[in-house]
Amino acid sequence: MLKIYNTLTKQKEEFKPIDPPNVSMYVCGPTVYDFFHIGNARSFISSDIIRKYLEYKGYNVKFVMNLTDVDDKIIKKSIEEKTGTEQVAEKYIGAFFQDIGKLTVAKADIYPKATGHMQDIIDMIKELEQKGFAYNVDGNVFYDVAKFKGYGKLSGKKIDELEAGARIEKNEEKKNPLDFSLWKKAKEGEPYWDSPWGKGRPGWHIECSVMSSKHLGKTFDIHAGGNDLIFPHHENEIAQSEAANEQPFVKYWLHFGFLNIDNTKMSKSLGNFFTARDILTKYSAEAIRLFFAQAYYRGPLNFNDELLAAAEKGLEKLGNLTDTINQELSKNITEGVTPELDIKQFEDKIIAAMDDDFNTAQAIAVIFDFTKEVNRIIAKSASGGENINAEFYKNVKAFLERTAVGIFGIMNFNADDNLSGAGIDVEHIQQMIDKRLEAKNEKNYALADKIREELKELGVELKDSKEGTTFKVVK
RNA sequence: GGCGCUGUAGCCAAGCGGUCUAAGGCGAAGGUCUGCAAAACCUUUAUUCGUCGGUUCGAAUCCGACCGGCGCCUCCA
């Protein structure tokens with residue numbers, strides 16, 4: 001039984017989708033004004049793991065992620081880069097897809113864009129206006145927070161306490177400082193759309209209300225995003241959607257913890273700002289995914305080089321096993337024994353861990369335990385035990401593909417991916433290995449070691465065993 | 001000021017009332033194997049869970065106080 005911590009109720013709840021086995025899931029996507037950073041990557045990867053686990057459980061997940069392509073920051077960027085806002089959006093949407101592709105984040109079913117839903121947005125604002133939740137002040141339309149009874153229920157804030165807070169921007173046009181923009185009047189030179197209130201563009205929050213209900217229904221199962229979106233973004237979405245649709249907006253709210261860099265907030269001004277593509281030049285996607293999966297998705301997480309390097313090392317242990325499995329399977333041994341290994345027991349543990357609010361850290365621990373157990377069996381066989389047949393390796397591989405690959409994306413059995421990715425000439429490597437073998441047979445160890453060194457510089461590490469020499473690509 | 005998260009070995013991090021003299025990863029030390037190198041395996045590395053009290057037959061786990069870290073309350077994953 002899957003339990004999920006729901007920000008709305010502040011407790012773990014049994015997950016009961018509205019229309020099983022279908023699950024509707026919406027994750028707040030990027031505002032496409034720059035490359036996304038490693039903190040964004042945590043949200044994308046965490047939601048990817050959650051989605052894949054739900055699919056593993058047999059749910060049919062409809063996954064929607066919005067792309068915010070009209071916004072102040074995009075306008076600002078277009079001025080800086082001296083292009084149009086559309087060009088800015090297009091450029092960073094392209095970069096977004098490249099980066100999530102490298103991070104092996106599965107594609108959403110739909111990536112709705114704000115600019116593609118202008119009529120729907122206008123319709124929803126009109127509806128809010130008709131129902132008395134919105135007011136127009138000279139082309140700027142605001143949401144009247146005081147009219148919505150449940151305001152603050154997600155973030156646990158109270159309107160009067162918020163009003164007492166000192167950090168709310170003053171705006172003469174608003175009835176209440178907490179009221180937020182539904183429609184912004186266009187300023188000179190800004191992109192605009194025609195509307196009943198004049199030329200303008202939508203406020204930030206309205207697009208998510210509109211696009212989520214359009215693609216997932218007026219009430220849907222899961223809405224996820226970064227911790228910082230709880231207030232005001234998600235609070236405002238609830239206010240808009242529930243006022244307009246007169247039914248609950250979302251059943252389960254999930255929020256991802258923040259990523260700190262060396263215990264401080266990541267920010268451009270502090271110079272500790274890392275884009276995901278920067279990090280990907282130094283570390284593998286698997287290592288990044290493993291690093292995130294080793295912690296609880298809701299908690300804060302510290303990030304630095306040393307920690308990612310540790311994850312990369314841990315990953316090697318897993319990678320060595322996949323190499324071994326691939327090699328053994330290629331031999332296709334039919335005689336020999338199938339050692340006893342209770343795979344189901346490991347799988348049950350993973351399920352138990354993941355069912356408890358996606359305890360990925362514990363699930364990953366099970367995968368490492370499993371790896372150790374398999375290595376132990378192989379070591380026993382190698383040191384004079386009985387030969388192991390392909391059946392065993394097939395079972396092991398199938399399990400890891402279901403879990404380590406299928407849910408977490410931290411292993412890769414497709415060895416060619418690594419080779420082609422690193423631009424390795426397999427034929428040349430093989431020739432060198434043969435040459436080295438010859439040298440070894442002649443006890444010319446100086447030459448053998450020289451070849452080893454040369455290949456190492458090409459990023460290829462040799463490994464000798466009884467059955468011959470194999471190699472792997474190292475970063 | 002309000003809301004929320006968090007404090008477990010050298011580092012990261014699970015565990016949230018008994019199976020805990022506390023998973024897993026990294027690091028470190030020793031060993032097996034080995035021409036070398038690596039991998040892998042074996043052993044060791046927290047009698048203790050920020051501090052002090054309380055509840056309980058029993059607490060890292062619940063309650064209270066205190067000390068510390070972080071976030072949100074303004075755009076932000």
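The values are calculated or read from the model by the stated rules, or taken from the named source; none is laboratory data. Quick caveat, the model's predicted, so the values are computed rather than measured. Note that we place each Cβ from the backbone using ideal geometry, even for glycine, and neighbour counts take in every protein chain shown. Just so you know, the surface numbers come from the protein's heavy atoms only, side chains and all, with ligands and any DNA or RNA stripped out. Shrake-Rupley method; radii C 1.70, N 1.55, O 1.52, S 1.80 Å.
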>> Compute the angle between helix A:305-331 and the longest alpha-carbon principal axis of chain A, please, reported from 0 to 90 degrees and rounded to the nearest 10.
In response: 50 degrees
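Using a/c under 1.5 as the rounded threshold, could you call chain A rounded, prolate or oblate? The axes a ≥ b ≥ c are square roots of the C-alpha gyration tensor eigenvalues, and prolate needs a/b larger than b/c, oblate otherwise. It would help to have the intermediate numbers written out before the result.
Details: a/c = 2.87, a/b = 1.98, b/c = 1.45.
It comes out prolate by the Cα gyration axes.
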>> What are the ³J(HN,Hα) couplings of the stretch A:276-293, residue after residue, when phi is run through the Karplus curve with 6.51, -1.76, 1.60 and θ = phi - 60°? Round to Hz, x for glycine and proline.
In response: 4, 5, 4, 4, 5, 6, 9, 10, 6, 4, 4, 5, 5, 5, 4, 4, 5, 5
>> What whole-number distance in Å separates the alpha-carbon centres of the stretch A:229-249 and the stretch A:31-73?
In response: 20 Å
>> Please list 3J(HN,Hα) in residue order for the stretch A:357-369, calculated via the Karplus relation 6.51 cos²θ - 1.76 cosθ + 1.60 where θ = phi - 60°; whole Hz, with x for glycine and proline.
In response: 6, 6, 7, 5, 4, 6, 4, 5, 4, 5, 5, 5, 4
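Of all beta bridges DSSP finds with both residues in chain A, what is the antiparallel percent, to the nearest 5?
Expressed as a percentage, antiparallel bridges in chain A total about 50.
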>> Please report the spacing between the Cα centers of the stretch A:438-475 and the stretch A:359-396 in Å, no decimals.
In response: 26 Å
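R0 = 25 Å: FRET efficiency of A:Tyr192 with A:Glu127, Cβ-based, nearest 0.05?
Numbers: r = 21 Å, r/R0 = 0.85.
With R0 = 25 Å, the Cβ-Cβ based efficiency is 0.70.
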>> When a/c reaches 1.5 or more, the comparison of a/b and b/c decides; with that in mind, is the stretch A:3-279 rounded, prolate or oblate per its Cα gyration tensor?
In response: rounded
> Could you give me the ³J(HN,Hα) list for the stretch A:16-28, computed from phi with Karplus coefficients 6.51, -1.76, 1.60 and θ = phi - 60°, whole Hz, x at Gly and Pro?
Replying inline: 10, x, 5, 9, x, x, 7, 10, 9, 9, 10, 10, 5
>> What do you get for the angle between helix A:343-355 and the principal long axis of chain A? Use alpha-carbon atoms, 0 to 90 degrees, nearest ten.
In response: 20 degrees
>> Compute the angle between helix A:235-245 and the longest alpha-carbon principal axis of chain A, please, reported from 0 to 90 degrees and rounded to the nearest 10.
In response: 60 degrees
> If you project the alpha carbons of the stretch A:169-220 onto the principal axes, what extent comes out on each, in Å, largest first?
Replying inline: 36, 27, 17
> Long-range amide H contacts for A:Gly29: which residues qualify at under 5 Å (H placed 1.01 Å from N, peptide plane, sequence gap of 5 or more or a different chain)?
Replying inline: A:Asn66
> How large is the accessible surface per residue of chain A, computed with a 1.4 Å probe and reported in Å² as a whole number?
Replying inline: 48 Å²
> Of A:Ser213, A:Val474, A:Gly385, whose Cα points farthest to the positive end of the dipole of chain A (charges on the beta-carbon: +1 Lys, Arg; -1 Asp, Glu; origin at the Cα centre)?
Replying inline: A:Ser213
>> Within chain A, what whole-number % of the accessible surface is contributed by carbon and sulfur, with the 1.4 Å probe and all protein chains included in the calculation?
In response: 49 percent
> Under the classification rounded if a/c is under 1.5, otherwise prolate if a/b is larger than b/c and oblate if not, where does the stretch A:239-369 fall, given a ≥ b ≥ c as square roots of the Cα gyration tensor eigenvalues?
Replying inline: oblate
>> Among A:Gly225, A:Gly152, A:Trp197, which residue has its Cα furthest toward the positive end of the charge dipole of the stretch A:139-295, with +1 on Lys/Arg Cβ and -1 on Asp/Glu Cβ?
In response: A:Gly225
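Based on Cα coordinates alone, diagonalise the gyration tensor for the stretch A:111-256, multiply each eigenvalue by 5, take square roots, and list the semi-axes in whole Å, largest first.
Rounded to whole Å, the semi-axes are 22, 20, 14.
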> What span do the alpha-carbon atoms of the stretch A:418-473 cover on each of the three principal axes, reported in whole Å from largest to smallest?
Replying inline: 35, 22, 15
